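Notes to accompany the following structure.
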Amino acid sequence: MKRYYFLIIFLYLLPIFFLTYFPFVDLPQHLHFAYVLNNFSNYEDYFEKRIFPMHNTFHLFFNTVLTKFLPLDISNRIYIGLIIILTFFSFYYFLTVINGEKIFSLLSLLVAYNYNLFWGFMGIAFAIPLIIFLFALTINLLKGNKRENLIIILLTILFIIIFLCHSLTFIYSFVSYLIILFLNKKSFRIKYLLPPLITIIFFFIPWQAQQFQREESEIIAQFKESISLKAIYQNFLNFWERLGIKTDNIILFFFKTITLLAIFILINNPQIFKKNKILSIISIITLSFYFFFPGSYTEAVFLNERFAPLIFLFLIAYLSLRLKSQILDYLILATVIINIIDLNIRFFMFEKYNKDFKKIIEKLEPNRKVVGIFYERKPKPDLFGYDVFLHFPCYYQLKKGGLIGFSFAYIRYSPLIFKENYPLERIDEWFPYRSLFPHRYKEYDYIFVTGEIRLSDEQYFRKMVLVDSVGIWRVYSVKE
């Protein structure tokens with residue numbers, strides 16, 4: 001069975017080879033930052049750097065380094081490819097450490113393209129497999145591995161990268177690591193505290209100090225958010241939709257089956273918790289973060305949802321400890337193959353929108369000010385369940401330069417922020433027409449549009465020139 005592993009991983013990597021653009025909502029914004037940083041001499045009048053010791057910068061650093069040798073598009077594909085590859089191999093190693101059946105590592109690929117990746121949370125998406133690897137190394141360390149110094153060095157590197165991926169993943173990893181050490185006092189050594197402490201001293205504390213110098217800490221602001229019982233209830237009901245493609249009923253069926261099977265096994269084999277103490281600890285901590293971590297429950301994106309893929313992976317780990325049969329091996333293989341086919345079909349169908357958008361960009365003049373008004377933020381039919389077009393205007397900048405109408409540089413926690421003389425005012429990310437009409441649309445050269453224009457907005461579009469129309473995409477030039 002193992003000889004098929006590399007073929008299966010390759011099939012999961014296929015979209016990275018053939019897709020023009022990815023349906024990951026915030027990804028264009030992250031690429032926008034990488035482009036600005038790589039061409040900073042052209043943008044230094046508009047942007048200020050706040051890169052270190054800022055979290056959520058690993059994707060930016062990764063692409064900045066690789067673009068010294070490769071185009072930004074290629075370096076980004078390598079980054080996404082590493083997420084898929086590391087998801088499998090980190091979980092395979094985790095199952096090896098806990099003595100689980102290795103065939104179950106294939107099921108980790110069901111969430112390789114997960115909730116975090118589809119939302120374009122590029123740091124958190126990369127941190128998920130690193131967290132699994134960190135836990136596996138921790139278990140090995142506490143078992144008395146002879147290479148404990150090497151493991152401590154690796155743990156330090158992982159903690160640093162996880163912080164750079166996102167502060168939320170670092171806090172989760174730090175809390176889990178400390179609790180694991182505290183509950184395994186017999187194996188504990190003082191030097192085991194070095195990996196998180198080094199990260200806290202040289203990264204986390206300087207980052208917090210920098211935030212306090214300006215305004216309130218981002219973390220403190222999160223902890224002030226209230227937790228509603230309704231939201232906790234919804235977290236329970238919507239768990240399976242928070243793992244990956246929301247509109248994929250086939251894979252949702254697999255998610256539900258695997259989850260319910262794991263719960264059934266745990267109920268009927270309670271001794272599994274005692275025999276696998278560390279797995280039980282991190283499972284409980286992850287569930288706590290998923291259900292109770294403070295976040296704004298009225299926003300489109302919830303902080304706690306980002307832990308759903310980890311919960312699912314730990315459920316698979318429990319299954320790997322109790323189930324073993326040749327028939328089951330073939331069922332796992334069949335599940336993964338069905339997922340590969342379904343996933344690639346969705347990506348292949350989405351590629352038409354990408355090619356059409358690229359055709360429009362190629363015909364436009366360079367170094368212009370562009371903005372998007374997406375009356376329909378999802379493709380028809382909805383292939384993924386996410387507002388994938390929301391930041392597509394960034395792809396114009398990657399190809400042609402210029403300025404884009406919305407940027408995360410408006411956010412004070414961003415590694416790049418606008419200077420006061422930035423020529424474009426902030427617009428509403430979700431409903432830009434509220435900001436642009438009736439007058440501010442004139443600040444732009446090009447406006448990208450999808451969907452049927454609102455009746456109240458038609459009067460403004462009549463004052464523009466339709467430059468091109470390809471498929472669902474239209475681009476207007478604002479008249480002088």
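Please pull out the direction-averaged projected area of segment 58-105, using the convex hull of its alpha-carbon atoms, in nm² to one decimal place.
3.9 nm²
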- Compactness relative to 2.2 N^0.38 Å, alpha carbon Rg of segment 316-367: 2.09
- Rg/Rg_ref, segment 160-212, where Rg_ref = 2.2 N^0.38 Å and atoms are Cα: 1.22
- Item | Mean Cβ count within 10 Å, highest first, over the residues of peptides 70-78, 2-10 | 70-78, 2-10
- Largest first and to the nearest Å, give the Cα extent of segment 310-464 along each principal axis. 67, 34, 30
- Task: Could you tell me the number of lysine pairs in segment 361-437 with C-alpha atoms less than 27 Å from each other, where the two lysines are 8 or more residues apart or belong to different chains?
- Result: 13
- If the cut-off is a Cα-Cα distance under 20 Å, which aspartates and glutamates reach LYS191, setting aside same-chain residues fewer than 8 apart in sequence? GLU148
- Scoring segment 349-480 by relative contact order with C-alpha pairs under 8 Å, at least six apart, yields a percentage of 30 percent
- Message: Can you compute 3J(HN,Hα) from phi for each residue in segment 317-325, using the Karplus curve 6.51 cos²θ - 1.76 cosθ + 1.60 with θ = phi - 60°, rounded to whole Hz and x for Gly and Pro?
- Response: 4, 4, 4, 5, 8, 10, 10, 7, 5
- How large is the accessible surface per residue of the chain, computed with a 1.4 Å probe and reported in Å² as a whole number? 44 Å²
- Residues whose placed amide H lies under 5 Å from that of TRP119, excluding near-sequence neighbours: VAL25
- Query: Ranked highest first by the average count of other Cβ atoms within 10 Å around their residues, in what order do 60-66, 117-123 fall?
  - Reply: 117-123, 60-66
- Relative contact order for the chain using alpha-carbon pairs under 8 Å, separation at least 6, rounded to a whole percent? 21 percent
- Whole-Hz ³J(HN,Hα) from phi, Karplus 6.51 cos²θ - 1.76 cosθ + 1.60, for segment 415-423, glycine and proline x: x, 10, 10, 6, 7, 5, 8, 4, x
- Note on the structure: Whole-Hz Karplus couplings 3J(HN,Hα) for segment 21-27, θ = phi - 60° and coefficients 6.51, -1.76, 1.60, Gly and Pro as x, run 10, 9, x, 10, 3, 8, 3
- Query: Taking amide hydrogens as modeled 1.01 Å from N in the peptide plane, which residues meet the under 5 Å criterion relative to PHE47, leaving out close sequence neighbours?
  - Reply: LYS419
- Message: So if I take the centroid of the Cα atoms in segment 43-102 and the same for segment 381-448, what is the distance between those two points in Å?
- Response: 24 Å
- Among the lysines, which fall within straight-line cross-link reach of LYS186, defined as a Cα-Cα distance under 21 Å, with same-chain neighbours fewer than 8 residues apart omitted? LYS143, LYS146, LYS274, LYS275, LYS277
- Message: Give me the percent relative contact order of segment 295-415, please, defined on Cα pairs under 8 angstrom at least 6 residues apart.
- Response: 19 percent
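Which order do you get for LEU266, LEU178, LEU194 if you rank them by accessible area with a 1.4 Å probe, largest at the top?
LEU194, LEU178, LEU266
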- Here the tail fraction of P(r) beyond 19 Å, over all Cα-Cα pairs of segment 30-148, rounds in percent to 57 percent
- Quotient of C-alpha Rg and 2.2 N^0.38 Å, computed over the chain: 1.02
- Message: For the chain, give me the percentage of DSSP beta bridges that are antiparallel, rounded to the nearest 5 percent.
- Response: 65 percent
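The values are calculated or read from the model by the stated rules, or taken from the named source; none is laboratory data. Because the structure is predicted, anything quoted here is derived from the model rather than measured. Heads up, the Cβs are rebuilt from the backbone with ideal geometry, glycines too, and the neighbour counts pull from every protein chain shown. SASA here: full protein model, heavy atoms, side chains in, ligands and nucleic acids out. Shrake-Rupley method; radii C 1.70, N 1.55, O 1.52, S 1.80 Å.
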